[in-house]
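Derivation of every value follows stated rules applied to the coordinates shown; laboratory data play no part. The model shown is predicted, which means the values in this text are computed figures rather than measured ones. So basically every Cβ, Gly included, is an ideal-geometry build from the backbone, and we count neighbours across all protein chains shown.
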Amino acid sequence: MKLSKRVKTLLIIGLIIIGLYQGGKYALNRFIYKHLPELIAEKNDTPYNFTYEDIEYSPALRRLTVSGITVTPKDTITHKNTTYIKGHLDNIVIQGVAIKELFKTKNLKANKIKLNTLDIVVIQGDTVVEQPKEVNITNIIDINTIAVNNAHIVIKNRANHTRLNEVYNFNADITGVHFAQEVKEKGLPFSYEGYTMSCDSVYNKLNDWHKLTLGKVIINPTSLEVNQVSVEPFSKTVNSNNLEKNLLSVNIPKVSLTGTDWGYRDEKHFYLQIGKIETDSTAITIKNNKLKEDITVAEQQPKKGKKKNAKKSNTPIVKVVDTIPSLVPFDLQIGDIKINKLSLDALDTWKTEKMNISISKIVNKAGEQLEINKLLIDSPTITLTPNQVKKKPSNKTKLLMDRIKLDTLLVNKGAFAIHQRKGDKHTLNIADVNATILNIEINDKTSLNKIPFSYDKTKFTTGAIKYDTQKYYDITADNLSIDNKDLKLTNFVMKPKYSRKKTVSMFRYADDIFTLNAKEITLKDYKWDFDKAGVLLFKTELLNINQLDANIFRDKSPTFNMSIKPMFSKKLRDIPFGLQVNTVAIKNSKLVYEETDKNAVAPGKIMFHNFNATIKNVYSGYGQTKVPTTSIAVNARFMNAAPLRVDWTFNVLNRSDQFNIQGKITNFPANSMQPFLQPYIKASTQGSISLVTFNFSGNNRSATGTYGMKYEDLRVTIYKKDGEKKKKFLSAVGNMFIRKSTKDEVKTVNIKTVDRVQEKSFFNYLWLCIMQGLKQTVL
């Protein structure tokens, strides 16, 4: 086809324009290629060299592309311990670059800069390379949008090239960048309108034992999302020389932060604000795989040269105080934290599964106070497996410089169990635990105490409680409730795990077997604390036990324990902690004592019905120089037949264990003693006892006092071994020696001195005094 003259002219003009454009482009690129290295060298007063393989500028698109960029330190040989950077970048694409401005003013201004396939290695030493004089970047670079694609960053230790940190496939898009506008509250020499950052995964060496890995990470100005958070040990075992080192494992499928903001106040004080933090299915495990046997040996082995019975040193123990710095050294504000389905295994000791934690309104003022509005622990199932070997208490005290306040702590529908380390059963189970504690505070004063925090009102309730004492008894209760300073336990039961016969067979020596049932046990206005030596101090105004049904059984067939049995005053005196109970009230109760031996037909029973007791001033001797007299007042129906009144007093601090006990029984039918005498003693009594009185005083060595009786027609019957058939002759002989009546008078005698059998209890001592009074009154 033949072209017209006009078309030919246009084609020629087009070719000329293209030729001029290409020629100009070539010349411009040659100019840039020649002079850009000079520009970089002139402006580069950093410790690094910048080189590139190729450069291309498109005048039509105003796009500058620099390819094959390499960054290397200028000097690393003479500074062997310095930190430096080296890296490679496939290309930098600068869109809308003002090429004339670049070479005229030697400043870079562009619409967008894109860094593609960046690979950076940071070699970390003990120091950082010396930095040049301050450069005002706002006068050099002005780029509206910055993008990074497919960056790989790794940080290594210079000494041995161990990997410390690594970020895979990092991508970023920062828009509205203006270097001419400094944002002081962000601490940045430029402003921005928004950004999005992400990476495929992150690796971090936390310490010599642990590594942190993160999956997909997405960041923008108001949120952060992290997937597959993991903290794992490098090795599954602990070096034998580092018993104190524990191994931590953390796995969190997803962590999200929303409503985030950060910056600086007054250009110095950093602040961070987060609307909400939420995690899901968090699993935390803390392990120490050192063999338990090795730990036991290490902790129990005595120091060389230390004698077994060496006296304790009088040198006072010096407490070492370690100062704990601020937990959060910057201003922090968080709206809500939700940790869902948390599972924790701490040293095979503390375990919990699928516990939910909600924390609301956290405000930290750096150097002043960390305040939390509410902490809710929902549905925790906690299991404690105690170690058999207890560590010695440390003489180190932690001094916290922060002030931490928690307005409300809530526990909802929890469960708690203590699990045996050997075997597969729980020794304690507590169901349906609910708690509210108000105004918890930790500060520089409380942190030095045994309990490092103070608190205000407390409310605590549980469902059923089951406690296996592991040897002889099971203990249960329907529920426990604490309301501030009052405690109530309902339907308390303590019963033997086995039959009486089996339990007795387990005893080395003859001992009591207890069966206890109480409708309600309460403490009124109780308080507890620790003194400066860390010893417990407990005080309560009232301990009330209502409707107690107590059975005490003793089989005297096993060998008698010949150890010295202390008096009750000594038992209280020797309690190794501070105890003060102003009043103990036992109401509407029943007490049965049963005793038997191999010759008894059946256990003999002594019974106290309608048992009511008031005990005043129950003190321990710990830290006391003077305490009021302990008094015990008992009213009951003896053998469910006659009223009994007993008054008993002693003083805990009296080291001779002086006491006085006096009592009175009225209108007692003598045959009411048959449940005790006939099956056990193989005897019975008949007659009417109008009055029995006694008043004994003594100490831990001997006692004396008065005993009185008024009775009529008193007779004794003695039985054969079966406890049924009478021994008529012996009964007749016995009755010949008994004074049958006091003839409407109260016969009172001063009993002969009774020596206490040190290997037997106080009640045996009292029985010996009564028996002495009976001998002097009846025979």
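Spatial offset of segment 559-595 relative to segment 707-779 amounts to 28 Å, using the alpha carbon center of each. Near the amide H of residue 330, within less than 5 Å, lie no amide hydrogens of residues on another chain or at least 5 residues away, with H placed in the peptide plane.
Under the classification rounded if a/c is under 1.5, otherwise prolate if a/b is larger than b/c and oblate if not, where does segment 653-723 fall, given a ≥ b ≥ c as square roots of the Cα gyration tensor eigenvalues?
oblate
The protection proxy used here, the mean number of other Cβ atoms lying within 10 Å of each residue, ranks peptides 616-628, 720-732 as follows, highest first: 616-628, 720-732. In this structure, the amide hydrogen of residue 428, modeled 1.01 Å from its nitrogen in the peptide plane, lies closer than 5 angstrom to those of 418, 468, counting only residues at least 5 positions away or on a different chain. Summary of packing: across the peptides 408-418, 529-539, the per-residue average of other C-beta atoms within 10 Å ranks them, highest first, as 408-418, 529-539. Would any residue of segment 416-441 have its amide N under 20 Å from a label point 7 Å out along Cα→Cβ of residue 495? List them or say none. Counting backbone N atoms under 20 Å from the label point, the list is 426-431. Full extension of the chain between residue 469 and residue 702 yields a length gain of 80.2 nm, computed as 0.36 nm times the residue separation minus the alpha carbon distance.
Other residues within the sphere of radius under 14 Å centred on the Cβ of residue 361, judged by their own Cβ, net out at +2 (K and R +1, D and E -1). Count Lys and Arg as plus one, Asp and Glu as minus one, and take only other residues whose Cβ is under 11 Å from that of residue 633; the net charge is then +1. Say each of residue 738 and residue 348 gets a label point 7 Å from the Cα, pointing the same way as Cα to Cβ; how far apart are those two points in nm? Output for this residue pair reads 6.7 nm. Amide hydrogen proximity for residue 55: with H placed 1.01 Å from N in the peptide plane, the residues at 5 or more positions away or on another chain lying under 5 Å are 67. Working note: Karplus 6.51/-1.76/1.60 with θ = phi - 60° gives segment 497-509 the couplings 6, 10, 5, 4, 4, 5, 5, 4, 5, 7, 6, 6, 10 Hz, where Gly and Pro are set to x. Which part of segment 495-512 falls in the paramagnetic zone of residue 759, meaning amide N under 20 Å from the point 7 Å along Cα-to-beta-carbon? The answer is 507-512, whose backbone nitrogens lie closer than 20 Å to the label point. With 27 Å as the limit, the listed pairs 211/361; 471/571; 374/519; 338/488; 425/565; 351/485 have 211/361; 374/519; 338/488; 425/565; 351/485 beyond it between alpha carbons. In order along segment 606-614, phi translates into HN-Hα couplings of 10, 10, 10, 9, 6, 7, 10, 9, 10 Hz, rounded to whole numbers, per the Karplus curve 6.51 cos²θ - 1.76 cosθ + 1.60 with θ = phi - 60° and x for Gly and Pro. A protection proxy built from the mean count of other Cβ atoms within 10 Å ranks the segments 116-122, 507-513, most packed first, as 116-122, 507-513.
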